[in-house]
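Written below as structure tokens is the structure these notes are about.
The values are calculated or read from the model by the stated rules, or taken from the named source; none is laboratory data. Predicted model, so just to flag it, every value in this text is computed and none were measured. With ideal geometry, Cβ positions are generated from the backbone for all residues, glycine too; neighbour counts draw on all protein chains shown. Surface areas here come from the heavy atoms of the whole protein model, side chains and all, with no ligands, DNA or RNA. Shrake-Rupley method; radii C 1.70, N 1.55, O 1.52, S 1.80 Å.
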Amino acid sequence: MAGAHRAISRRIRSSGPADKRATPGAESEPIRVLVTGAAGQIAYSLLFSIAKGDVFGKEQPVVLLLLDITPMLPVLDGVVMELQDCALPLLREVVSTDKEDVAFKDLDVAILVGSMPRRDGMERKDLLKANVAIFKSQGAALEKYAKKTVKVLVVGNPANTNCLIAAKSAPSIPKENFSCLTRLDHNRARSQVAMRCGVPATQVKNVIIWGNHSSTQYPDVHHCLVNMAGGELGCFEAVKDDAWLKGDFIATVQQRGAAVIKARKLSSAMSAAKAICDHMRDIWSGTPEGEFISMGVYSSGNSYKVAEDLIYSFPVQIKDKTWKIVDGLAINEFSKSKMDATAAELIEERDTAVAFLGV
Ligand code: NAX
């Protein structure tokens, strides 16, 4: 019976010497990577990529810490067995637990996927309240147990506000170490443009997701470049359909999550896991020269007049594990109004969430 399952942490070590033979040069210290919601569907798509070196590099050993709630521990056991059965050279240890003090200990990276899902009949406020409690507790655990250099990526929805609450609950960890996932929206926008132009997604760069990871987000292609017909074209010139770019394209990206749920009867998981890998790989190794990507980061000090003290998605470049918002991009009236609308939603969400903090 799931509820009667022991709420303990379990450690499974992979064999050391054979691993070293299989991976020449893999002598560096393993990094400790936490994934929460580890028994869920996104984690199921994500863990293999992390464990095989797609995120932190092919020579970086990892210890995986897997956190889920107590009733999910038996499911987590199955995930651990599968990770073992992959026989991966970089995976040095797997720890599965329902305890925050075990899961958050000495972390280099925290990927916070688990959150309270919306249930039928649940008010938005009640959902926010439940998630404030989770991310306040996990922020406090980061503060108490993780390394101060830990990089924290929040995926669980509402991702921006959950990230803000976690950061506020970990005052001794730099705010710059926190970010939330809007890379899935970014990849969706990139792919939509690529399909329209008949080129691979790699030929499209510098789309921007502004604001909240919600249907108010603004996918902006005014600075996007498409490599086609032997040169680099601005997106509007490449697509040759302004009405689509200003209408259906934006709506498609904003509502893509709902469209996937309608078709699959489950929310995005494979594409979410891929986006998490892209996001964390870029934090770890940097963004390509001349390119920017989207992620939710602290708005304080931004040059776009977005309100302070929000986790808002901006175009960023990353070097030496440090992100910087890309400044000075021209913003027209069309863009400004959409950036303001998504900021207004985030302000309201933040104010409601912060009111719950003291409760
Ligand atoms: P699942 O319901 O499959 O898995 C979530 C897991 O989290 C469950 O195993 C659950 O037991 C666990 N969990 C719940 N509370 C927890 C807690 N306090 N500590 C640790 N684990 C806990 O959901 P899945 O499809 O994996 O989605 C996870 C989250 O990602 C959801 O909140 C979802 O809305 C969000 N998403 C965010 C995206 C983004 O771009 N920011 C895109 C994909 C996804 O929709």
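Residues in the range 19-31 that are touching a Lys or Arg at 6+ places or on another chain (Cβ under 8 Å), part of a loop (DSSP other than H, G, I, E, B) and either β-branched (Val, Ile, Thr) or at pLDDT below 95 (or both): 23, 26, 27. Applying the criterion of being aliphatic (A, V, I, L, M) and under 13 Å from residue 190 (Cβ atoms) to the residues of the range 225-238, the residue that is surrounded by the fewest Cβ atoms within 10 Å (Cβ to Cβ) is 225. Being of a type in the set (Phe, Trp, Tyr), surrounded by 24 or more Cβ atoms within 10 Å (Cβ to Cβ) and within 15 Å of the chain's Cα centre (by Cα), is that true of even one residue in the range 211-219? Checked the range 211-219: no residue is of a type in the set (Phe, Trp, Tyr), surrounded by 24 or more Cβ atoms within 10 Å (Cβ to Cβ) and within 15 Å of the chain's Cα centre (by Cα).
Residues that are open to solvent by less than 50 Å² (accessible area, probe 1.4 Å), modelled with pLDDT of 95 or more, in contact with a Pro (Cβ under 8 Å, 6 or more places away or on another chain) and not acidic (Asp, Glu) are absent from the range 32-54 altogether. Just one of (1) hydrophobic (A, V, I, L, M, F, W, C); (2) outside any helix (DSSP H, G or I); (3) at pLDDT 95 or above; (4) within 9 Å of the ligand (Cβ to nearest atom) fails for residue 134. It is (2).
When the range 163-216 is filtered for residues that are part of a loop (DSSP other than H, G, I, E, B), out of contact with any Ser or Thr (no Cβ under 6 Å at 6 or more places or on another chain) and closer than 11 Å to residue 254 by Cα, the ones remaining, listed by number, are 214, 215. Would you check if residue 64 is at pLDDT 95 or above, over 24 Å from residue 170 (Cα atoms) and surrounded by 19 or more Cβ atoms within 10 Å (Cβ to Cβ)? Taking the combined requirement at face value, the residue does not satisfy it. Scanning the range 151-182 for residues that are under 13 Å from residue 217 (Cβ atoms), open to solvent by 10 Å² or more (accessible area, probe 1.4 Å) and within 8 Å of the ligand (Cβ to nearest atom) yields 157, 181. Taking (1) within 9 Å of the ligand (Cβ to nearest atom); (2) surrounded by 15 or more Cβ atoms within 10 Å (Cβ to Cβ); (3) not β-branched (Val, Ile, Thr) in turn, residue 117 satisfies each apart from (2). Screening 129, 148 for residues that are basic (Lys, Arg), at pLDDT 95 or above and open to solvent by 70 Å² or more (accessible area, probe 1.4 Å) leaves exactly one candidate, 148.
Going through (1) open to solvent by 10 Å² or more (accessible area, probe 1.4 Å); (2) within 11 Å of the ligand (Cβ to nearest atom); (3) touching a strand residue (DSSP E or B) at 6+ places or on another chain (Cβ under 6 Å); (4) not charged (D, E, K, R) one by one, residue 197 falls short only on (2).
Residues in the range 239-289 that are under 17 Å from residue 209 (Cα atoms), polar (S, T, N, Q) and either open to solvent by 80 Å² or more (accessible area, probe 1.4 Å) or free of Cβ contacts under 8 Å to residues at least 24 places away in the same chain (or both): 255 alone. The selection criterion, being over 29 Å from residue 48 (Cα atoms) and open to solvent by less than 50 Å² (accessible area, probe 1.4 Å), holds for residue 326.
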